[in-house]
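Beneath this line is the structure, given in structure tokens, with notes to follow.
The values are calculated or read from the model by the stated rules, or taken from the named source; none is laboratory data. Just so we're clear, the structure is a prediction, and the values are computed from it rather than from any experiment. Every residue, glycine among them, receives a Cβ derived from its backbone with ideal geometry; neighbour counts consider all protein chains shown. The accessibility values were calculated without ligands, DNA or RNA, using every heavy atom of the protein model including side chains. Shrake-Rupley method; radii C 1.70, N 1.55, O 1.52, S 1.80 Å.
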Amino acid sequence: AKSAVATGKTELFRYISHQILHNARCLEDKLNIYFSILNSLSYASKVAGSLDRCKDILSQLGENIPNDISHEVMTNRINQTWLSIEDIPETELANYKLMTDKTQLMRMKFLGHLHIMGLIIRPTASPFAIIRMIQLTISQGKFVKINLFIIN
């Protein structure tokens, strides 16, 4: 599927994606292909569709992304997040544990995608995604690599 996206063979990608999704046994089995689908939509300049699908997948992962976030709500979330990390020394953050849970790692990738797509068409989604990524880093460990536009 990744090779089909990389070589622009969209019909083949659709076929392979359908087969993978049809035969997957659980959500975790679908996450990599979902991420490839999001990238495929982004490459095809279907950013709104990519963003909407990303929000749907994040919802399945337990992340409910509001359509609109007021400035006041976002300011409160930023302040709460700041309070949770302000007492952590920089040296501790630099050597923070690595995130190992595969589902949490995928959650971070989808939040990263939401951040980038949000910058393009829905600016309120972007800071929300960043705050959630910070919160997940504190609770689950750091995510050392995000390749949003590289099929990995």
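List of remarks:
- Within the stretch 78-90, the set of residues being open to solvent by less than 70 Å² (accessible area, probe 1.4 Å) and either in a loop (DSSP other than H, G, I, E, B) or acidic (Asp, Glu) (or both) comprises Ile88, Pro89.
- Identity of the residue in the stretch 91-128, touching a His at 6+ places or on another chain (Cβ under 9 Å) and of a type in the set (A, V, I, L, M, F, W, C), that ends up surrounded by the fewest Cβ atoms within 10 Å (Cβ to Cβ): Phe128
- Some residue of the stretch 59-79 being hydroxyl-bearing (Ser, Thr, Tyr), within 20 Å of Gly112 (Cβ to Cβ) and modelled with pLDDT under 85: no
- Residues of the stretch 91-129 satisfying the condition of being in a helix (DSSP H, G or I) and among the hydroxyl-bearing types (Ser, Thr, Tyr): Thr91, Thr103, Ser126
- Restricting attention to the stretch 30-77 and to residues that are in a helix (DSSP H, G or I) and among the hydroxyl-bearing types (Ser, Thr, Tyr), the residue that is farthest from the chain's Cα centre (by Cα) turns out to be Thr75.
- So Leu83, is it closer than 23 Å to Phe143 by Cβ and either touching a helix residue (DSSP H, G or I) at 6+ places or on another chain (Cβ under 8 Å) or among the polar types (S, T, N, Q) (or both): no
- Yes/no for Ile57 being touching a Phe, Trp or Tyr at 6+ places or on another chain (Cβ under 9 Å), under 22 Å from Arg107 (Cβ atoms), surrounded by 14 or more Cβ atoms within 10 Å (Cβ to Cβ) and of a type outside the set (Phe, Trp, Tyr): yes
- The residue that is least open to solvent (accessible area, probe 1.4 Å), counting only those in the stretch 1-29 that are among the charged types (D, E, K, R) and assigned to a loop (DSSP other than H, G, I, E, B), is Lys9.
- Complete set of residues in the stretch 7-24 that are farther than 21 Å from Lys109 by Cα and without any contact (Cβ under 8 Å) to a residue 24 or more places away in the chain: Thr7, Gly8, Lys9, Glu11, Leu12, Arg14, Tyr15, Ile16, His18, Gln19, His22, Asn23
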